[in-house]
Structure formats: structure tokens, C-alpha cells
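Trainee: Shown below is the structure under consideration.
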Amino acid sequence: MFWQKLREPKKQRRFNKILSIAILAIFAVSFLVLKFNQWRSRTTPPPPAVTAPISTLPVVSEVPFAERDPKLSAEQNLIKDYLANHLSESAPIKEVLGGKFFLTRIEFKSANEALLDYEDGHNAYRAKVNYLLDRQQLKVTGFTVLTENNSPLNK
């Protein structure tokens, strides 16, 4: 059949040549894909410092209410919902292993400051957040991570 026909020297050489070119092309494409991914990962900005600068934190004009806690005021619910929905963007330390941050506890210390407990399924953090709330506009003005996995952070 087909393999018997390939036993002829001329056809065998042609088949070997085509097979070699195909294997070489597969390796070349694989190499280019790997190099492109390495180049793309080098052009991403470095991770932010533990305390995020004010200018990089997100601002929102209208925050929808997700879950209302009856123990909290309307303002505090607004702040809690915003922080819960934008925790990954606001936190200076990013999630690990594809995790997603979620808020586990919030404690309002004053009109413009709150303590957060949050985690990504791998690491747990406690942070102090400063914010301004003016006519349904919330702006996070500071986000400082205090502890990681119940241990103080070394700065």
C-alpha cells in the first residue's frame, strides 16, 4: 500500500524531506510564540508598591448597591459595596495564582477611614483605606496594607 510505495528510494527521500520541513516549521512557530510571550511579559509595568499613590486609585461616579447591611448607614453601604467591587483594582498587592479578592470584613473607624479584611483564597490581608464621599461620588485617597496572613508587613 502506501508504505510499500515509500520503500522506493526517490519517494522515501521526498517524504523524509517533507516530514523534516514540517517538523522544523512546528519548532520555529513554537519558538516564536514563546519569545513573543517573554517579550510581552517584559513590557508590562512592574507591580505597585505596598502603598498605592492616590492618582492611580479608581474613581467612580455612581456606585450601585449590591448587598445592604442593615447595621450600616446608606453611606457606609455605598462605601462597602464600592470597595467590595473594586478591591482588586484598589489593592496595591495583587492576587496570586489567579485568585480574586473578596471583602471578608469592614470596620468604619471614622467618616473617611475604614479597616478592611480581605483575601484571595491564598492570602489574607488587613488594610487601612482612606476615602472621600461627596454626593454619591466615592474616591479612594489611600490604601495601605497593614498585615498579610496575620503578620505585619515589613516595609
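Trainee: Pull up region 134-145, narrow it to residues that are in contact with a Leu (Cβ under 7 Å, 6 or more places away or on another chain) and not hydroxyl-bearing (Ser, Thr, Tyr), then point me to the one that is surrounded by the fewest Cβ atoms within 10 Å (Cβ to Cβ).
Mentor: My answer is LYS139.
Trainee: Quick test for you: out of GLU95, GLU89, pick the one residue that is part of a helix (DSSP H, G or I), farther than 16 Å from LEU133 by Cα and under 18 Å from the mean Cα position of the chain (by Cα).
Mentor: GLU89
Trainee: Looking at region 127-155, I want the residues that are in the same structural domain as TYR82 (by TED's automatic domain parsing) and among the basic types (Lys, Arg) and have a partner that is surrounded by 17 or more Cβ atoms within 10 Å (Cβ to Cβ) and modelled with pLDDT of 80 or more with Cβ atoms under 7 Å, at least 6 apart or on another chain. Which pairs are those?
Mentor: Within 7 Å, the pairs are LYS139/TYR131.
Trainee: GLY142 - would you say it is within 19 Å of HIS86 (Cβ to Cβ) and not in a strand (DSSP E or B)?
Mentor: no
The values are calculated or read from the model by the stated rules, or taken from the named source; none is laboratory data. Predicted model, so just to flag it, every value in this text is computed and none were measured. All Cβ positions, even for glycine, are placed from backbone atoms using ideal geometry, and neighbour counts span all protein chains on display.
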